[in-house]
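K.L.:
Sharing a structure here in structure tokens format.
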Amino acid sequence: MPTMNLTQTMVMGLIQVVAVLILIFVMVPLLTFAERKVIGYIQVRLGATRTAGGHVGITGALNRGMWAMGKVPMLSILRGLPVFVADILKLILKEDIIPAKAERSVFTLAPIISVLAAFGVFSAIAFYPGALFTFPARFPIVGGLPFMGFISDVNVGVLYILALSSVGVYGIVLGAWASNSKYPLLGGLRSAAQIISYEVPLTLSLLTPVLLAGSLNFKDLSVRLSTGADMHWLAIFPLFVGFFVYTTCGFAETNRTPFDLPEAETELVAGFHTEYSGMKFGFFYLAEYTNMIVVSCFASAFFLGGYYLLPFGLQRFIPASVPFLGQPSILFFFLKVFTILFAFLWVRATVPRYRYDQLMDVGWKYLLPLTLVNLFAAALIRFAF
Amino acid sequence: MEHLLVTIGRDMFAIFGVLALCGGIFMVAAKSAVHSVLGFLFTMLCVAGCFLSLDAEFLGMAQILVYAGGIVVLFLFVVMLVELSKYKEKGVFQLQTRSAVVAVVIGAAVFIGVFRNLLFGVASSEALVLRPELAQGLNVAQQNAQAVSRGLFSDYLLPFEILSVILLVALVGAVVLAKRERV
């Protein structure tokens, strides 16, 4: 990499940050759209899979024509799009209410903390281990500089991401407390207990790949795990168990079904964000979906092989000389991320919510011992071979 | 460039230190208990910033992970549940003031007694004193985490283990107290 002066470093940093922000702001709305459609198809919800615009104007004429032909108008991939657009417009345009008895400062601070913690995590996530492309020399400041697949190369990246996501819980707890209302408080308490409980197995399950590969740097760890460099083939078993535990805890950390007790709407109205409306609610929404993307990035980077094709260190059977399949690619990474995101939606559509005591049982009595045994097994493999 | 980074690092340490103190003062002075916890959280994050500006990124991240992510959340959890106004009326806090002052004075005396050499003596110029053959391993450590673990698990293993036993004692004590109340 050519050495950069201060201006170049800052401009490049800015460009990379903006690129990742654009990525987030494209992926999150698409994810909500996908969620409506996937759940619509699985649970036969008609609105999300059929809505296709009105009966007036040019599109209306098209729609009427297609209805007349006995077909559902518009391409099936675009059906439900009006609902999605209306959803986003509602979020942005809705009146922003702060309840009279709420603690104003903390009430405003809470969604900010949530979003900051969720977005900050991306500065250490590597979407690709090297340079994606190089700016042509004709660009004024950044000419000849590589556009890397990550914002910064933190050498304790995994810890950084875990630390920031553990700060995200304050958004929920403080928002719940500041609302000064019963249901949010109950939701917030549930959330605090749940996230603290599941953070233990989550962190321990991530220790398995860290132990096996011996690095805390996001891209180093991912590359070492997927190419299986100096890793015994037995390591695939602890990695597989680790993947299972990590995704389960990831579901709990992001408050997704079957662990969505903080916002169990049949019991708690809407949980911790009952009193929130408008874009403040939108921020919580944004943070939740961003966290889903983060969990997917983690799972795909550390367990599913990251930038390489095959998961769990199986990549060593494809020599690096094979043109496309043997090389790292950002496509493979996003393929895995989208697969896990789809699993998120799939589980939400099929698995019912846990009861509170069951939730705690699963966390403390099953997942925690399982991860400890798993970690011990990983240590044994590392020690013996 | 290099020069600028070095000065920024030094200045950042001072800035984060002052901010941490401000957070601490806010924590003591705040009327609402939740605001106190927020001040505490801010202080913890600033201390992590101090570590980061000293190139101790592992310690900084561990600070956020353990304190901000775990312990302060538990504080918040308790503070939200307990109605502190009830205790204010009973004057529990006022009763404790005298003994608290005594405890603080004793604590400060012990702290200065233990760390006098480290703070004002010759030892303050050396960050970590290891056996020479271990110090060599420390120098080749490429990552912060490696350096810390080599220090902890080689020369300082016994103090480290004793510390964890103390933590365990606190844990067991908490369980015993909670159980006794319920019966």
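K.L.:
All but one of (1) touching a residue at least 12 places away in the same chain (Cβ under 8 Å); (2) surrounded by fewer than 20 Cβ atoms within 10 Å (Cβ to Cβ); (3) touching an Asp or Glu at 6+ places or on another chain (Cβ under 9 Å) hold for residue A:211; which doesn't?
P.N.:
Failing condition for residue A:211: (3).
K.L.:
For region A:131-139, check the following and say yes or no: at least one residue is touching a helix residue (DSSP H, G or I) at 6+ places or on another chain (Cβ under 9 Å) and either within 14 Å of chain B (Cβ to nearest Cβ) or part of a helix (DSSP H, G or I) (or both).
P.N.:
no
K.L.:
Here is a check on your reading of the model: is residue A:213 over 23 Å from the mean Cα position of the chain (by Cα) and under 23 Å from residue A:297 (Cβ atoms)?
P.N.:
Yes; evaluated as a whole, the condition is true for this residue.
K.L.:
Also: Could you say whether any residue in region A:134-146 is over 18 Å from residue B:45 (Cα atoms), surrounded by fewer than 24 Cβ atoms within 10 Å (Cβ to Cβ) and either among the charged types (D, E, K, R) or not assigned by TED's automatic domain parsing to the domain that holds residue A:271 (or both)?
P.N.:
yes
K.L.:
List the number of the failed condition for residue A:122; all other conditions in (1) more than 21 Å from the chain's Cα centre (by Cα); (2) away from chain B (no Cβ under 12 Å) hold.
P.N.:
Failing condition for residue A:122: (1).
K.L.:
Still on this structure, I have one more. Would you list the helices (runs of 4 or more DSSP H) that sit entirely within region A:1-103 and hold 3 or more residues that are at pLDDT 80 or above and closer than 27 Å to residue A:294 by Cα?
P.N.:
Ranges flagged: A:6-43, A:81-93.
K.L.:
Restricting attention to region B:22-35, does a residue exist that is away from chain A (no Cβ under 11 Å), outside any loop (DSSP other than H, G, I, E, B) and of a type in the set (Lys, Arg)?
P.N.:
Within region B:22-35 (the criterion being away from chain A (no Cβ under 11 Å), outside any loop (DSSP other than H, G, I, E, B) and of a type in the set (Lys, Arg)), the answer is no, since none of the residues qualifies.
K.L.:
Here is a follow-up. Any chance you could count how many residues in region A:140-166 are in a loop (DSSP other than H, G, I, E, B), at pLDDT 75 or above and more than 8 Å from chain B (Cβ to nearest Cβ)?
P.N.:
Residues in region A:140-166 being in a loop (DSSP other than H, G, I, E, B), at pLDDT 75 or above and more than 8 Å from chain B (Cβ to nearest Cβ): 5 in total.
K.L.:
To continue, here is another question. Six or more apart or on different chains, Cβ atoms under 6 Å: show the pairs whose first residue is in region B:52-67 and within 7 Å of chain A (Cβ to nearest Cβ) and crowded, with 20+ Cβ neighbours inside 10 Å and whose second is in a helix (DSSP H, G or I) and at pLDDT 85 or above.
P.N.:
B:61/A:159; B:61/A:160; B:61/A:163; B:64/A:163; B:64/B:48; B:65/A:162; B:65/A:163
K.L.:
Pull up region A:174-198, narrow it to residues that are facing chain B (nearest Cβ under 7 Å) and under 21 Å from the mean Cα position of the chain (by Cα), then point me to the one that is farthest from residue A:288 (Cα to Cα).
P.N.:
A:196
The values are calculated or read from the model by the stated rules, or taken from the named source; none is laboratory data. Fair warning: this is a prediction, and the values are worked out from it, not measured in the lab. Glycine gets a Cβ as well: all are built from the backbone with ideal geometry, and neighbour counts include every protein chain shown.
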